[in-house]
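What follows is calculated from the coordinates using simple rules that are stated; it is not laboratory data. What you see is a predicted model, and the numbers here were worked out from it, not measured in a lab. Neighbour counts run over all protein chains shown; Cβ positions are idealised from the backbone, glycine included.
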Amino acid sequence: MVITYTDRREFLQRLAMMIGCAASGVARCGRGRLPIGFSTLGCPSWDWLKILDFAQQNGFAAVELRGMQGTMDLPSRPEFGATRLEQTKKEIADRGLRISCVSSSATLHTAGQEQRTAACRCAAVSLTSPRSLPLPTCAFFGNKLIGPRAPALEHIAASLRELGDYAGPKNVAVLLESHGDFTDAPTLREILEAAGSSHVGLLWDAHNTFVDGKEDPAVSVGQLAQIHPAYPSEGLAHGRVPRPITSLPGAAGCRVKRQVELLVAAGYAGYYSFEWEKAWHPEIDEPEVAIADFARVVTDYLQAASPRSKSHS
């Protein structure tokens, strides 16, 4: 599908309204907060209200949903059931928060048309999970490169296109996460351009492209900030900065600071979401420490990188 400039511009405006941030300097969200968030993967033992209260108390604007209390099956959670959903929405709104993304565990590399269709149907469930919450984005993995490169990339692009067709009428953007065998900018860009959908974009896991893809953040942003079609930051619809396993953001400061600076300079208007893999690595620091440190450090980085702060320095 060919996307015209008007189509892209209209979609940008619509998505910006859904995200609820203004693209002027460093975007501010509801109640004047900076656009920082964290994934529930980092606090696997917390209950729903503890997640929301911690986010509010530590200056977060958003929460990224990836499992809760031992399950990745979000629709099975009572908070997202039909009888509880309106209360859940009120609990989010009362704290001035947004749900920035549902990060699915679905992979799109499955070989064969029948398998791909089944995988897409399974993945599409994530687009309504949790049920009926206003969600700007939903993320999926490409994950594995199976067989010859060209058909494998087209296979994943076709899956994204199919999901985008499903998500578009629901005002949800489908995101390909940089993960697994897909952590370099040229490959990610090729897939997203082949998908050719105004409802398909990228979740840039900056840790994966830097550590696994061996790619300097400037290369990642330089190539992915111009992908077609455009998203808030002209390509990066949702960013995770950073995801270190063995160190907190303050200790990994140089790299993370550079990632933030590059995104701000590119005009990125989405969320900076922290994925701390506590669910997979119980030995790492507790969420009360790691997530709070992310808020403190990345807030400092965003304020320092803002054109507004520089103009007043």
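As a quick test, which of the pairs K144/K278; K89/K214; K170/K278; K90/K257; K90/K170; K89/K257 have an alpha carbon distance above 29 angstrom in this structure?
Beyond 29 Å: K89/K214; K170/K278; K90/K257; K89/K257.
In what order do K144, K90 fall by count of nearby beta-carbon atoms within 10 Å, going from fewest to most?
The most exposed by this proxy come first: K90, K144.
Cβ neighbours within 10 Å, averaged per peptide: list 167-174, 91-98 in order, most packed at the top.
167-174, 91-98
So how much slack lies between D212 and S105, counting 0.36 nm per residue of separation and subtracting their Cα-Cα distance, in nm?
36.6 nm
Between A82 and E283, 0.36 nm times their residue separation minus their Cα-Cα distance comes to what?
Length difference between fully extended and current span is 68.8 nm.
What does the highest-first list of 296-304, 258-266 look like by mean Cβ count within 10 Å?
The peptides rank, most packed first, as 258-266, 296-304.
I'd like to compare 273-282, 196-205: which one has the highest average count of other Cβ atoms within 10 Å, and what's the full order after that?
196-205, 273-282
Ratio of alpha-carbon Rg to the 2.2 N^0.38 Å globular estimate for the stretch 162-230, to two decimals, please.
Ratio of Rg to 2.2 N^0.38 Å for the stretch 162-230: 1.10.
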